[in-house]
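What follows is one structure encoded as C-alpha cells, with my remarks underneath.
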Amino acid sequence: MRPTSPLPTPYLTSVPTPQGFFGPYGGSFIPPVLREELDKIYAQYMAIKDTDKFKTELEAIRKDFQGRPTPLFYAGRLSEAVGGKKGEVEIWLKREDLNHTGAHKLNHCISEVLLAKLLGKTKVIAETGAGQHGVALATAAAFYGLECDIYMGSIDIAKESPNVTRMKILGARVIPATHGLQTLKEAVDSAFEAYLEERETAMYCIGSVVGPHPFPYMVREFQKVVGEEAQWQWKEQVKGSGKPDKVVACVGGGSNALGIFSVFIDDEEVKLYPVEPLGRGETLGQHAASLKYGTEGIMHGFNSIMLKTGAQTEHGPEPAPVYSMASGLDYPSVGPEHAYLFSKGRTKLAGATDDESLRAFFALSKLEGIIPALESCHAVAYAMKLAREAVKEGKGCKILVNLSGRGDKDIDFVWTKYAETYGAMPIEELLKAE
Ligand SMILES: *Cc1c(COP(=O)(O)O)cnc(C)c1O
C-alpha cells in the first residue's frame, strides 16, 4: 500500500481546478480581454494535449532535437566526499544540463511554441531578465519557423550581451524596454502590452510555472517529462526500493522543481525539497526565499506566497527587492503550486546561501567534471547537506537532484568574483559545511 498524502489523489489529474486554482493559490487576476484570450488558449490546449498529433510530435522533437532522455547519473565521487557509500548514501543527478541549450527551460519553450504553431499563430512573445528564457524561446521559435519578439529592459540588454547576441543569431527581435528602471518588471509590462495588441496572431510564452492560469498548469505539464524519465531510469539503474528517498531541486519560479517533483507527489514516502536562494543574509533584499519569508499576495496575475515591501501599488502589494547570485532564482514569489504543496506540508522548507552554492559549484566541477549552473548549485549544496546528515545518523538515503542547467554562462562571474578565495582551496575545505 502506498501511503497517501493529504492532497487529492491522483494528484496530477485533480489539481489544479479548471479555473487554475491550487487550493487558494493561482487563479487569474488580469484584465478581462487578456483573460478571454488565455481562456481560449487553455481550452485549445485541453482539446489537443492528448491527441496523437501533439504527443507524437512532442516525443519526436524531445528525442531528435533536444537529445532526451537526459541521463540519470550517479555522482559517486561527490557522494563519497560527503561521507556516503554506494548502497547507503547516494547522490544521483538528473542531467538537464545535457538538454539542448544546456538547461531545462527548453522543455517548456519547445512545447509552448508547438502549441502556438498548432493554434495557427505566427509569432511568440515573451520578456526576459537575464536572457535565459529569451534564448530558450528563440531556439524553439527558430526550430518551428515562428517569429519571436523578446522584450528586455535596456539595463539588462547592456548587462547580458552574450544572451542578447544568441537571441539575435537565432533570429529573434530583442526589443528594449526603456521606461522606469529598465529591467525585468518594465519588460513584463511591454511584453503584455504588445501581446494585447497582437493577440490574434501571436502567443505569449511564459518562462516558469508562474503567471495567470493556464500557465502554471501548462508549464508543469511540459516539464513533467523530467520526472517521468527519472522515475523509470531510477527503477532501471538504482538498487533498492525503486524510488528515491528524497528529491531536491532549486526554485526560482519553480518549473524545474515541479518537473521532477510532480510524478512523486502521490507517494508521501518520497520527500520533496524545493531549495530557495538564501543569498547573503536574512534581511529583506538580501535573498529571494519566498516560501521561507513571504506571505500570501497577488502579483503578476496570480495569488501565491510572495515577498512584499508593505506598500501598495495600483495592481496590489508592492514586491520586495530580491537578491541571489543566481539570476534565474531572484524572483519575489513562487509558482502557485509550490505555495500549495508547501502549505499542505507536502514539500519541506529548504534553502542554500550564495556561499554554500559556490562551494557546491567547485565541488561538482572538481569531483565529477560537471560545471553546474549557479541556480542548480543551490540544489546540489542542499543535497550534500542532506547526505551529510544521513551519514551522521547512520541512515541509508538515496537522493535525486535535478541538475537544471550547465554553468558555462557563469564561469566569468565565478572566476573574477570568487576564484581568489575558493579556487585554490583544497577540496576538503570546500566540502566543509558552513
Ligand atoms: C531559469 C533557471 C532556473 C530557475 O527557474 P525555475 O522555473 O525555478 O526552474 C533554474 N536553473 C536554471 C539553469 C535556469 O536557467
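The values are calculated or read from the model by the stated rules, or taken from the named source; none is laboratory data. Keep in mind that what you see is a predicted model, and the values were worked out from it rather than measured. Cβ: placed from backbone, ideal geometry, glycine included. Neighbour counts: every protein chain shown.
A few points about this structure:
- Residue within the range 285-295 that is farther than 30 Å from residue 387 by Cβ and part of a strand (DSSP E or B) present: yes
- Taking the range 366-381 as the range and being away from the ligand (no atom under 15 Å from the Cβ) and within 18 Å of residue 420 (Cα to Cα) as the test, only 366 passes.
- Any hit, the range 121-128, residues being of a type outside the set (A, V, I, L, M), under 26 Å from residue 183 (Cβ atoms), surrounded by fewer than 23 Cβ atoms within 10 Å (Cβ to Cβ) and not assigned by TED's automatic domain parsing to the domain that holds residue 365: yes
- Candidate set: the range 211-234, residues that are touching a Ser or Thr at 6+ places or on another chain (Cβ under 6 Å) and farther than 23 Å from residue 299 by Cβ; chosen: the one surrounded by the most Cβ atoms within 10 Å (Cβ to Cβ): 227
- Taking first residues from the range 330-354 that are free of Cβ contacts under 8 Å to residues at least 40 places away in the same chain and partners that are buried (at least 24 other Cβ atoms within 10 Å of the Cβ), no Cβ contact under 9 Å between residues at least 6 apart in sequence or on separate chains turns up.
- Positions within the range 282-297 being closer than 22 Å to residue 257 by Cα and surrounded by 14 or more Cβ atoms within 10 Å (Cβ to Cβ), in sequence order: 287, 288, 289, 290, 291, 292, 293, 294, 296, 297
- Helices (runs of 4 or more DSSP H) enclosed by the range 1-77 - at least 3 residues per element that are surrounded by 14 or more Cβ atoms within 10 Å (Cβ to Cβ): 32-48, 52-64
- Positions within the range 82-113 being touching a helix residue (DSSP H, G or I) at 6+ places or on another chain (Cβ under 6 Å), assigned to a helix (DSSP H, G or I) and more than 13 Å from the ligand (Cβ to nearest atom), in sequence order: 100, 110, 111, 113
- The range 298-310, subset closer than 19 Å to residue 192 by Cβ and not β-branched (Val, Ile, Thr), residue farthest from the ligand (Cβ to nearest atom): 303
- Search result, residues across the range 246-266 that are near the ligand (Cβ under 7 Å from one of its atoms) and either of a type in the set (Asp, Glu) or assigned to a loop (DSSP other than H, G, I, E, B) (or both): 251, 252, 253, 254
- When the range 311-342 is filtered for residues that are touching a Lys or Arg at 6+ places or on another chain (Cβ under 8 Å), away from the ligand (no atom under 16 Å from the Cβ) and assigned to a loop (DSSP other than H, G, I, E, B), only 320 remains.
- Residues of the range 267-288 satisfying the condition of being closer than 18 Å to residue 325 by Cα and more than 13 Å from the ligand (Cβ to nearest atom): 278, 279, 280, 281, 282, 283, 284, 285, 286, 287
- Checked against (1) part of a helix (DSSP H, G or I); (2) of a type outside the set (Gly, Ala, Ser); (3) under 13 Å from the mean Cα position of the chain (by Cα), residue 210 meets all criteria but (1).
- In a residue-by-residue description of the range 119-129, the property of being within 11 Å of the ligand (Cβ to nearest atom) and either more than 26 Å from residue 47 (Cα to Cα) or modelled with pLDDT of 95 or more (or both) applies to at least one position.
- Listed by position, the helices (runs of 4 or more DSSP H) contained in the range 343-434 that have at least 3 residues being closer than 27 Å to residue 227 by Cα are 354-368, 374-393.
- Among the residues making up the range 137-189, those that are farther than 20 Å from residue 123 by Cα and either among the charged types (D, E, K, R) or assigned to a loop (DSSP other than H, G, I, E, B) (or both) are 156, 159, 160, 178, 179, 180, 181, 182, 183, 185, 186.
- Output for the range 146-189, where each listed residue is of a type in the set (S, T, N, Q) and crowded, with 16+ Cβ neighbours inside 10 Å: 154, 163, 182, 183
- Residue within the range 346-354 that is farther than 30 Å from residue 428 by Cα, among the charged types (D, E, K, R) and surrounded by fewer than 17 Cβ atoms within 10 Å (Cβ to Cβ) present: no
- Residue 389 vs. criteria away from the ligand (no atom under 16 Å from the Cβ) and either under 25 Å from residue 267 (Cβ atoms) or in contact with a Gly (Cβ under 9 Å, 6 or more places away or on another chain) (or both): yes
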